[in-house]
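Written out below as structure tokens is the structure these notes cover.
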Ligand code: XBP
Ligand code: MG
């Protein structure tokens, strides 16, 4: 039996259900702030989520969704400015407490900390979004609960590339045999598959019908002792919520 040494968490859609009512709303506020008539509906945003990274997503929208767009000479600069505005709007939403952690997440984090199991984050989102989400939901100092936070542009290729997971394991000094990853999306499981990480998926409204081939377990959410998760695929080993016993069983 391998020894479980670390839990590696994706952020958006996994630690918190941030996309539909968080990032999407912040993007739309930024477009309005910039005087653009762009407005991403829930449905359009669901299609745009095929591309990870906010800057990359804006570019995808311009290239594939707009009939016509008079691109400025410095398109990268234009996109970077829009994304900066969006991040500011998103941070305001986090600071206002508008985005909670998903059920069962804090319970698992607390259990891991008490047991001395290392915590880490591997995400495509912007680093300050991570810091602000943790501090607004878990309080000051919670960023220090995580030994490594791999986020955003720290790697050349975002998910579904496995770069961010290799980055985090390298900085942890651990291999995939000692870690369990937590994801929410097809892009995420593609990344963990390529990093040879055993992965527990907690789906959300946008990702429920995606392909999670390779996941050790697919769940409705992390579950809580009094509100068990629903098992969508895989063996939950008789557990009712995601805990260290389940993570160890998944690691094998
Ligand atoms: C999800 C993403 C991010 C967010 C938006 O990241 O793809 O791009 O949608 O955040 P993950 P930014 O699931 O890996 O946490 O605008 O900061 O990219
Ligand atoms: Mg995610």
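Read-outs throughout are calculated quantities, based only on the coordinates presented, and are distinct from any laboratory measurement. What you see is a predicted model, and the numbers here were worked out from it, not measured in a lab. Every residue, glycine among them, receives a Cβ derived from its backbone with ideal geometry; neighbour counts consider all protein chains shown.
Its alpha carbons give the range 127-203 an Rg and a Dmax of 12.8, 34 Å. Inter-part distance, the range 1-80 to the range 111-187, computed on C-alpha centroids, equals 19 Å. Here the range 82-136 has an Rg and Dmax of 13.3, 43 Å, counting Cα atoms alone. Here the residues 40, 145, ranked from fewest to most Cβ neighbours within 10 Å of their Cβ, fall in the order 145, 40. Computed over the range 19-95, the P(r) curve from all C-alpha pair distances, binned at 5 Å from the origin, holds 3, 16, 28, 30, 17, 5, 1, 0 percent per bin. In terms of its Cα atoms, the range 122-252 spans 37, 33, 30 Å along the principal axes, sorted from long to short.
Exposure proxy for 117, 231, 180, 42: other Cβ atoms within 10 Å of each Cβ, ordered fewest to most, give 42, 231, 117, 180. Going from the residue with the fewest nearby Cβ atoms within 10 Å to the one with the most, 144, 221 rank 144, 221.
Maximal additional length on extending the residue 88-residue 33 stretch stands at 18.7 nm, based on 0.36 nm per residue less the C-alpha distance.
Net length available on complete extension from residue 78 to residue 171 is 30.1 nm, with 0.36 nm assigned per residue and the Cα-Cα distance removed. For the chain, the convex hull spanned by the alpha carbon atoms encloses 121 Å³ per residue. Over the chain, dividing the summed -39,500 (n - 2.57) contributions of all DSSP H runs of at least 4 residues by the number of residues returns a 222 nm mean residue ellipticity of -12000 deg cm²/dmol.
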